[in-house]
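The values are calculated or read from the model by the stated rules, or taken from the named source; none is laboratory data. Keep in mind that this is a model prediction, so the values were computed, not measured. All Cβ positions, even for glycine, are placed from backbone atoms using ideal geometry, and neighbour counts span all protein chains on display. Areas reflect the complete protein model, heavy atoms only, side chains present, ligands, DNA and RNA absent. Shrake-Rupley method; radii C 1.70, N 1.55, O 1.52, S 1.80 Å.
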Amino acid sequence: MIGLINPRRGKADEKILALHTGGTISMSASNDKVKTNEENPLLDTQFINENIDLANEVVLNKPSEHITPEDMLVIKKRVKKAIDNDECDGIVITHGTDTLEETAYFLDLTIPSVIPIVLTGAMRSSNELGSDGVYNFQSAILTAASDEATGKGVLVVMNDEIHTARFVTKTHTTNVDTFRTPTFGPLGIVYKRDIRFFQALISQQVCDIDELVSGVYLVKAYAGIPGAIFETLDRPETKGIVIEGLGAGNLPVEVVEPIQKLIEKGIPVVMVSRCYNGLAEPIYDYVGGGIDLERMGVIFCQGLNGQKARIKLQVGLSNHMNGKEIARYMHDAVS
């Protein structure tokens, strides 16, 4: 049995529901190979804090690379049920780190911020030297039990930092300090005996969807990218495209005409930057420049990376938004 140490502040009889979905935090290593366990080792933990009542439930047991948007919808429905039935005061979701930010943002877009919802994971499996899973799980529980965590949207807690699902991203393949929030920084910090927030959520627009459209794709631009890539996407099942553009949101001239044809067919094309920091915005006025692309009808999405913009576009389309509504919805990442 694994004991969770360093109990932190939690109000009396705080009920926390932990939903487990798999990932490294639930895996074990043998001969330098990390594999999925039949049973999640976190189910055998004790949270040593008399003020917190922890309930564990397995929703999925998948590596995060196997998580699909349909799986995210399953998690969303379980969270919504827990909120509607007043099952708990806060929710913790354990998840593999490779797509954790996408699931977190999907939930942020589809669930109102009425109780704390916190995702966490691990970079080292449960039996590796220096395993971070139990500690991160504990930190997530304490964050979900904090009154200050309410109303801040879905949170990601890793390595003593509290991030908003909206902007956090995985930045290193193996380092335990992999989750960062470029440009804006974390919302708060997990201390030895306290949870402290230094920023707040600006606004939230929730789309309570029950099903998902498919055919939303992500393309990363690069020097010499051929127009054939976008010509291949010109098919009936394509519902939307997100492009990680160059710099502030620019593209080689070869892809401009194929993108124009997609837009003329009513397919929303959204632009983000492939850069690690900064915002996508139309600055350059030449063929393939941001101003030229915006004039064509490309939607500039500020503040999101490509994978999150794709999730947001899929959610908006699943909410039956029309062209103008999608443009407004995608333009600003704070909503």
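DSSP bridge analysis restricted to the chain gives an antiparallel fraction near 30%, rounded to the nearest 5. Using alpha carbons only, the radius of gyration of region 28-180 set against its Kirkwood radius gives Rg/Rh = 0.93. Per residue, the chain exposes 44 Å² of solvent-accessible protein surface, assessed with a 1.4 angstrom probe and all protein chains in place. With K and R counted +1 and D and E -1, the other residues having a Cβ less than 14 Å from that of residue 41 yield a net charge of -3. Say each of residue 55 and residue 39 gets a label point 7 Å from the Cα, pointing the same way as Cα to Cβ; how far apart are those two points in nm? With each label placed 7 Å out from Cα toward Cβ, I get 2.1 nm. Applying 0.36 nm per residue to the separation of residue 129 and residue 147 and subtracting their alpha-carbon distance, the gain on full extension is 3.1 nm. For region 166-225, the C-alpha radius of gyration divided by 2.2 N^0.38 Å, with N the number of residues, is 1.66.
For residue 15, a cut-off of 17 angstrom between C-alpha atoms picks up these aspartates and glutamates, skipping any fewer than 8 places away in its own chain: 50, 53, 57, 84, 86, 87, 89, 147, 148. About its Cα centre, region 216-298 has a charge dipole of approximately 220 debye under the convention of +1 per Lys or Arg Cβ and -1 per Asp or Glu Cβ, with nothing else charged. Select one label from [x] 63, 44, 34; [y] 79, 45, 39; [z] 53, 44, 36: the one whose number is Cα extents along the principal axes in Å as derived from the coordinates shown. Read-out from the structure maps to [x]. Count the net charge of all other residues whose Cβ sits under 14 Å from the Cβ of residue 318, scoring Lys and Arg as +1 and Asp and Glu as -1. Net local charge, residue 318 excluded: 0.
Ligands, DNA and RNA aside, residue 57 has an accessible area near 60 Å² when probed at 1.4 Å. If you take all other residues with their beta carbon under 13 Å from the beta carbon of residue 234, and give Lys and Arg +1 and Asp and Glu -1, the sum is 0. Share of carbon and sulfur in the accessible area of the chain stands at 49%, probe radius 1.4 Å.
For the Cα trace of region 225-285, dividing Rg by the Kirkwood Rh returns an Rg/Rh value of 0.97.
Farthest toward the positive end of the dipole of region 198-335, out of 221, 202, 301, is the Cα of 202, where the dipole comes from beta carbon charges about the Cα centre. Within the chain, which complete DSSP H helices have Cα atoms spanning at least 15 Å along the helix axis and a mean Kyte-Doolittle hydropathy of 0.5 or higher? Qualifying helices, which must be both long enough and hydrophobic enough, are 133-144. Ligands, DNA and RNA aside, residue 191 has an accessible area near 90 Å² when probed at 1.4 Å.
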